[in-house]
Amino acid sequence: MRIAFTRHSVIPGFGLTVGYTMVYLSLIVLLPLSALFLKTASASWEHIGETISDPRVVASFRLSLGASLVAAIINAVFGLGVAWTLVRYSFPGKRVIDAIVDLPFALPTAVSGIALTTIYAPTGWIGQWLEPLGIKAAFSPLGVTIALTFIGLPFVVRTLQPALEDLDPAVEEAAASLGAGRWQTFRHVIMPAVFPALLTGFALAFARALGEYGSVVFIAGNMPMKTEIVPLLILVKLEQYDYTGATTIAAVMLILSFFLLLLINGIQWWSARHHRSEG
Amino acid sequence: MGGTAKSRLAGRRPLMPVSATGDPAWVRWLIGIVSLSFLGLFLVVPLVAVFTEALRKGLGAYLESFQNRDALAAIKLTLAVAAIAVPLNVVFGLAASWAIAKFDFRGKSLLTTLIDLPFAVSPVISGVIYVLLFGLQGWFGPWLAAHDIQIIFAIPGIVLATVFVTFPFVARELIPLMQEQGTEEEEAALVLGASGWQTFRRVTLPNVRWGLLYGVILCNARAMGEFGAVSVVSGHLRGQTNTMPLHVEILYNEYNFVAAFAVASLLALLALVTLIVKAMVEWQTQRQSLETLTPLVPIHQEAA
């Protein structure tokens with residue numbers, strides 16, 4: 001393979017660093033991931049079809065996709081509010097609150113899992129108020145959604161913040177001076193400018209929620225057909241030594257995740273190009 | 001200086017009409033209160049709950065949880081796994097960012113995307129792929145068994161899974177930073193006779209130190225806190241292959257809530273330290289970028 005330089009460089013270490021990067025990447029990431037696809041490909045089509053159409057598998061995909069979607073929508077709405085508050089308003093303790101947004105990134109998922117379960121259990125701080133209303137939070141799809149909302153929030157806020165900061169106040173002033181109301185300015189000037197970032201954050205939160213395990217397994221209750229998420233089902237199949245079943249579901253999940261990654265890159269590429277052609 | 005600017009603005013404010021880019025007061029209050037309540041409900045309440053539950057039976061019971069042999073073994077294992085995984089990914093991150101930021105070559109953007117790949121993989125799948133390779137029924141399983149080497153349900157498996165999930169952290173912090181800084185300073189050092197290693201140590205490394213620290217902190221937090229991937233490859237043997245998050249799970253499932261939350265509170269403290277260091281690093285880089293805006297000539301030269 002020939003590696004083409006666009007210009008000659010005096011900086012040393014190209015061969016060493018590129019070589020090391022490729023070898024390490026292949027050993028740790030690419031080889032193990034390809035093992036998953038090879039294992040799935042070695043199964044017969046009937047077996048793959050059987051696995052995917054199994055009602056328990058279908059139910060878990062419905063729950064994972066549905067709860068992740070609802071959580072990502074909640075995060076898109078409230079994340080926009082949080083990002084707006086942090087960028088536009090000043091209030092005491094802002095730096096602390098800004099730092100705390102990253103908590104779901106930093107807090108180990110098992111810790112978030114047991115904390116959320118304790119809070120939303122029928123005897124918990126919030127659960128005891130929901131119970132008389134007939135709302136079962138923990139050990140139900142609602143609990144799954146709550147955990148996935150927790151885990152996805154920073155993705156929306158952190159992608160929106162720079163986009164909101166980059167907005168040129170002059171554009172809003174122009175809109176106002178041309179007679180636009182504040183809501184009109186938001187809808188027709190601010191929203192179009194930050195929409196790609198909002199969509200990216202939404203997709204990132206959705207992708208993370210889809211694969212999330214630790215914060216969900218405690219609060220979910222893990223009843224087959226009802227509150228069993230896809231990552232847990234993969235683990236269950238593995239523990240039953242149903243390797244083909246586990247890898248087939250995992251491969252479907254991976255393809256979904258890669259598709260989302262592609263979509264996110266697509267949005268960013270599109271918005272960068274759009275941005276350039278405007279400016 | 002800041003004071004005069006502020007008072008000048010304050011003095012002018014009454015003369016100015018309502019700002020065209022500001023929201024009406026009731027909108028500000030509404031958005032602010034709703035957003036902050038959402039944060040409080042979803043982020044602050046769980047964090048407070050961890051410490052409240054850990055201290056439910058008093059400080060004595062809390063501290064007693066750490067006297068337990070299995071808890072201590074879990075803490076030790078977690079520290080050991082992070083001590084292997086983090087340096088491995090730091091070396092990789094430095095190599096990858098050097099290659100990607102300082103050189104142009106075909107396939108560069110593909111390589112950058114591939115480095116981010118582990119972030120797109122569910123933690124459970126990150127564990128499963130190693131079971132497929134090294135498990136008893138995996139590709140290398142029979143060979144490993146014949147040579148009496150155990151990777152899955154043992155510590156090497158835990159290390160591998162941890163390396164996988166923390167793989168991109170350092171690289172993805174360093175690549176954009178090094179790209180932004182370009183190659184001019186390194187070229188100058190090399191032209192002046194520094195060796196490649198000297199250039200890296202004395203020029204590149206100091207330039208990226210805050211980004212590197214940030215990457216290490218995030219990598220470490222995830223390495224110590226990883227649950228899903230480690231849960232798949234660990235045999236859940238108490239006192240042997242249980243990391244702290246796995247030990248939390250076992251205690252919680254045994255209804256030993258105080259002990260579970262006590263171990264969890266250590267992990268929560270780690271998370272808080274991570275957030276504080278992150279905020280400090282961000283503040284540092286902000287200050288640095290402000291400094292680079294003003295004097296192009298180094299101060300000591302100006303004085304001379």
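Data overview
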{"item": "Charged-residue dipole, Cβ positions (Lys, Arg, Asp, Glu), the range A:45-278 about Cα centre, Debye nearest 20", "result": "340"}
{"item": "Charge dipole magnitude, Cβ of K and R +1, D and E -1 - the protein assembly as shown, Cα centre, debye nearest 20", "result": "740"}
{"item": "Over chain B, relative contact order from alpha-carbon pairs under 8 Å, at least 6 apart, %", "result": "27"}
{"item": "Charge-dipole axis of the range A:45-278 as Lys and Arg at +1 and Asp and Glu at -1 on Cβ define it, positive-most pick from A:Phe105, A:Ala180, A:Gly66", "result": "A:Ala180"}
{"item": "Gain on full stretching of the segment that runs from B:Val273 to B:Lys57 - 0.36 nm per residue minus C-alpha separation", "result": "75.2 nm"}
{"item": "Cα-projected label distance for B:Phe140 with B:Val191, points at 7 Å along beta-carbon direction, nm", "result": "4.7"}
{"item": "A:Glu131 versus A:Val96: modelled label distance in nm, points set 7 Å from Cα along the beta carbon direction", "result": "3.2"}
{"item": "Relative contact order of the range A:45-278, defined on C-alpha pairs under 8 angstrom at six or more residues apart (%)", "result": "31"}
{"item": "Kyte-Doolittle at least -0.5, axis length at least 24 Å by Cα - qualifying DSSP helices, chain A", "result": "A:55-88, A:141-166, A:191-211, A:243-278"}
{"item": "Per-residue Cβ neighbour rank within 10 angstrom, fewest leading, A:Ile219, A:Ile146, A:Ile52, B:Ile151", "result": "A:Ile52, B:Ile151, A:Ile146, A:Ile219"}
{"item": "Percentage of interatomic Cα-Cα distances in the range A:45-278 larger than 22 Å", "result": "60"}
{"item": "For the range A:45-278, with +1 on Lys and Arg beta carbons and -1 on Asp and Glu, the positive-most of A:Ala246, A:Thr85, A:Ile48 along the dipole", "result": "A:Thr85"}
{"item": "Inter-probe distance in nm under a simple model that places probes 7 Å from Cα toward Cβ, at A:Leu69 and A:Arg187", "result": "2.6"}
{"item": "Ranked list, fewest to most other Cβ atoms within 10 Å of each Cβ, for A:Met225, A:Met22", "result": "A:Met225, A:Met22"}
{"item": "Segment A:Leu263-A:Tyr241, extension gain: residue separation times 0.36 nm, minus the distance between their alpha carbons", "result": "4.5 nm"}
{"item": "Calculated FRET efficiency for the pair B:Glu180/B:Asp116, C-beta based, R₀ 22 Å, to 0.05", "result": "0.75"}
{"item": "Cross-link reach list, lysines versus A:Lys226, counting only Cα pairs under 22 Å and skipping chain neighbours closer than eight places", "result": "A:Lys136, A:Lys237"}
{"item": "Selection from B:Val128, B:Ala194, B:Val208, by position along the positive dipole direction of the range B:74-225 (Cβ)", "result": "B:Val128"}
{"item": "Taking A:Thr149, A:Thr40, B:Thr113 and counting other C-beta atoms within 10 Å, the order from fewest to most", "result": "B:Thr113, A:Thr40, A:Thr149"}
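Throughout, read-outs are computed from the coordinates displayed, never taken from laboratory work. The shown structure was predicted, so the numbers you read here are calculated from the model rather than taken from an experiment. Here Cβ is always computed from backbone atoms with ideal geometry, including for glycine, and neighbour counts include all displayed protein chains.
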